[in-house]
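A quick write-up on the structure given underneath.
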Amino acid sequence: MDVFSGYYKKSVDERIKLLKEFAGLTSDEVSVLEKTGSLSPDIADRMIENVVGSVHLPLGICTNFKINGKEYAVPMAVEEPSIIAAASNAAKLSLPEGFTADADEPIMMGQVQITNVKNPETALSVLRKHKKEILDYSKEFAKGMEKYGGGVKDFEARILETIRGKMIICEFYIDVRDAMGANTINTVLEKTAPFIKEIIGGTTRLRILTNLAVKRKAVAKAVWKKDKIGEEAIEGILDGYAFADADIYRCATHNKGIMNGIDAVALATGNDWRAVEAGAHAYAAMNGYSPLTKYSLNKNGDLEGLIELPLSVGTVGGAINTLPTAKIALKILKVKTARELSMVMACAGLANSFAALKALSTEGIQKGHMRLHARNIAVIAGAKKPEEIDFVSKKLAEESNYSVDFAKKILKEMKK
Ligand code: NAD
């Protein structure tokens with residue numbers, strides 16, 4: 001997008017001004033950004049318990065994302081340098097085609113655990129016979145979702161062998177539309193559990209959604225051409241992927257590289273990143289812990305990257321409507337549905353994975369990482385004015401010496 005060309009070279013004020021035009025931000029929204037978040041103690045106190053303050057994270061914009069032909073500015077909230085630069089660069093290298101992505105309908109699953117059932121096999125067949133009554137009963141508690149085209153869609157039950165004997169596990173499939181859905185699902189489960197108990201007896205225990213949302217996956221793909229990134233980079237990425245595929249120690253970090261981008265978008269948009277993390281790693285472990293992105297050569301000898309993972313995220317509900325920055329982030333993203341948000345997040349994960357593998361398998365990540373970190377070092381050394389920070393960080397990078405003492409020396413000489 002032309003509006004974001006050279007975005008990284010601009011000042012914070014200039015970036016906000018461009019963003020205001022791009023996303024049609026109001027002056028109130030601009031002022032939230034300028035005040036680095038504006039989460040008032042009042043709002044914070046309504047969100048969690050024993051509030052004493054709030055924590056701020058930098059919010060940045062990833063550029064160059066083109067997904068299914070549409071251009072996106074992707075907000076990321078993250079404390080680690082390089083993630084936004086790396087994703088923006090990976091997205092740029094995927095152009096002009098960019099990413100293709102898709103996502104399932106937003107179907108989530110919630111479980112009711114029933115223990116101490118006298119004859120689990122008989123209870124199971126009784127439950128199956130009463131499936132329609134149970135479904136009809138449960139639907140009453142997801143009426144809020146029906147308004148938007150969602151609601152309870154299916155019910156199943158099974159016997160689970162555990163270390164404490166056989167249990168009945170009832171599973172409800174609920175279409176939560178543009179919400180993450182946890183509150184709605186948990187309400188359905190808690191309200192319907194007594195009805196199930198009336199039918200089969202036993203003791204009702206846990207009633208909670210699963211974060212392993214296998215019916216709510218997002219997938220994305222991109223091709224990085226060999227004439228753009230070079231055969232050496234392709235070979236390096238394929239070797240790096242093979243390493244992760246064969247070794248759990250590498251695989252954990254491979255998947256962390258993916259979640260760098262996904263969590264940062266989840267945080268920026270006020271989504272529950274613990275839920276996203278739990279779902280991603282459980283999915284990766286379903287058939288032995290595996291990489292969530294896969295790489296191969298296509299028939300032209302270009303690199304094809306794929307990602308697939310469950311992403312239960314919302315554009316409404318939870319903290320999204322309470323956090324001022326989350327609403328602004330969603331406005332910048334211009335996503336219309338939670339499905340679309342999950343596709344953008346999958347692409348962000350793929351972009352960060354590609355960038356990490358490319359850097360790790362060639363020059364290493366420290367060069368780029370330290371170049372960005374140099375600005376922090378300049379500040380730690382006492383640089384205050386923008387021109388001081390620029391000068392000191394540039395010198396540190398030129399000399400590849402990132403010690404605070406060296407930064408202090410440069411600053412001292414500059415001030416002379
Ligand atoms: P919610 O109940 O606040 O929001 C959903 C509501 O939004 C629906 O009831 C619906 O009436 C309304 N809505 C408006 N427009 C909608 C649309 N287009 N599509 C769908 N709904 C629409 O929140 P939620 O999403 O049910 O719950 C999410 C929260 O639950 C998160 O904050 C999460 O942290 C928390 N949580 C998570 C877990 C877990 O992941 N294990 C457990 C408990 C709670």
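The values are calculated or read from the model by the stated rules, or taken from the named source; none is laboratory data. Values in this document were obtained by computation on a predicted structure and should not be read as measured data. Neighbour counts run over all protein chains shown; Cβ positions are idealised from the backbone, glycine included. For the accessible areas, the whole protein counts, side chains as well, though only heavy atoms, and no ligand, DNA or RNA atoms are used. Shrake-Rupley method; radii C 1.70, N 1.55, O 1.52, S 1.80 Å.
Only one residue in 242, 179 is on the phi < 0 side of the Ramachandran plot, under 25 Å from the mean Cα position of the chain (by Cα) and surrounded by 20 or more Cβ atoms within 10 Å (Cβ to Cβ). Which one?
Working: 242 fails: surrounded by 20 or more Cβ atoms within 10 Å (Cβ to Cβ).
None of the other options fit; the residue is 179.
Could you grab me the full set of residues in region 163-172 that are buried (at least 16 other Cβ atoms within 10 Å of the Cβ) and within 16 Å of the ligand (Cβ to nearest atom)?
Result: 172, single match.
Taking the stated definitions as given, is residue 295 more than 23 Å from residue 73 (Cα to Cα), in the same structural domain as residue 248 (by TED's automatic domain parsing) and touching a Gly at 6+ places or on another chain (Cβ under 6 Å)? Break it down stepwise before answering.
On the way: more than 23 Å from residue 73 (Cα to Cα): yes; in the same structural domain as residue 248 (by TED's automatic domain parsing): yes; touching a Gly at 6+ places or on another chain (Cβ under 6 Å): yes.
Answer is yes for this residue.
So that you can scan it fast, the table gives a plain yes or no per residue for (1) within 16 Å of the ligand (Cβ to nearest atom); (2) of a type in the set (Gly, Ala, Ser):
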{"site": "244", "(1), (2)": "no, yes"}
{"site": "253", "(1), (2)": "no, no"}
{"site": "269", "(1), (2)": "yes, no"}
{"site": "275", "(1), (2)": "yes, yes"}
{"site": "291", "(1), (2)": "no, no"}
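Pick out, from region 50-162, the helices (runs of 4 or more DSSP H) lying fully within it that include 1 or more residues that are among the β-branched types (Val, Ile, Thr) and surrounded by fewer than 17 Cβ atoms within 10 Å (Cβ to Cβ).
Working: elements: 83-93, 120-129, 131-139, 143-146.
Helices (runs of 4 or more DSSP H) meeting the threshold: 120-129.
Assuming residue 227 fulfils every condition listed in (1) of a type in the set (Asp, Glu); (2) surrounded by fewer than 20 Cβ atoms within 10 Å (Cβ to Cβ); (3) assigned by TED's automatic domain parsing to the domain that holds residue 139 apart from one, which condition is it?
(3) is the only condition that residue 227 fails.
Kindly provide the set of residues from region 364-399 that are open to solvent by 90 Å² or more (accessible area, probe 1.4 Å) and within 19 Å of residue 82 (Cα to Cα), ordered by number.
Of everything in region 364-399, those that are open to solvent by 90 Å² or more (accessible area, probe 1.4 Å) and within 19 Å of residue 82 (Cα to Cα) turn out to be 366, 367, 371, 375, 380, 394, 398.
On the given criteria, is residue 162 outside the structural domain of residue 271 (by TED's automatic domain parsing), touching a strand residue (DSSP E or B) at 6+ places or on another chain (Cβ under 8 Å) and among the hydroxyl-bearing types (Ser, Thr, Tyr)? Give the derivation first.
Values: outside the structural domain of residue 271 (by TED's automatic domain parsing): yes; touching a strand residue (DSSP E or B) at 6+ places or on another chain (Cβ under 8 Å): no; among the hydroxyl-bearing types (Ser, Thr, Tyr): yes.
Answer is no for this residue.
Do you know which residues across region 182-214 are in contact with a Phe, Trp or Tyr (Cβ under 7 Å, 6 or more places away or on another chain) and either at positive phi or open to solvent by 70 Å² or more (accessible area, probe 1.4 Å) (or both)?
191
From the residues in region 300-337 that are within 22 Å of residue 349 (Cβ to Cβ), within 12 Å of the ligand (Cβ to nearest atom) and polar (S, T, N, Q), which one is surrounded by the most Cβ atoms within 10 Å (Cβ to Cβ)?
By that ranking, first place goes to 312.
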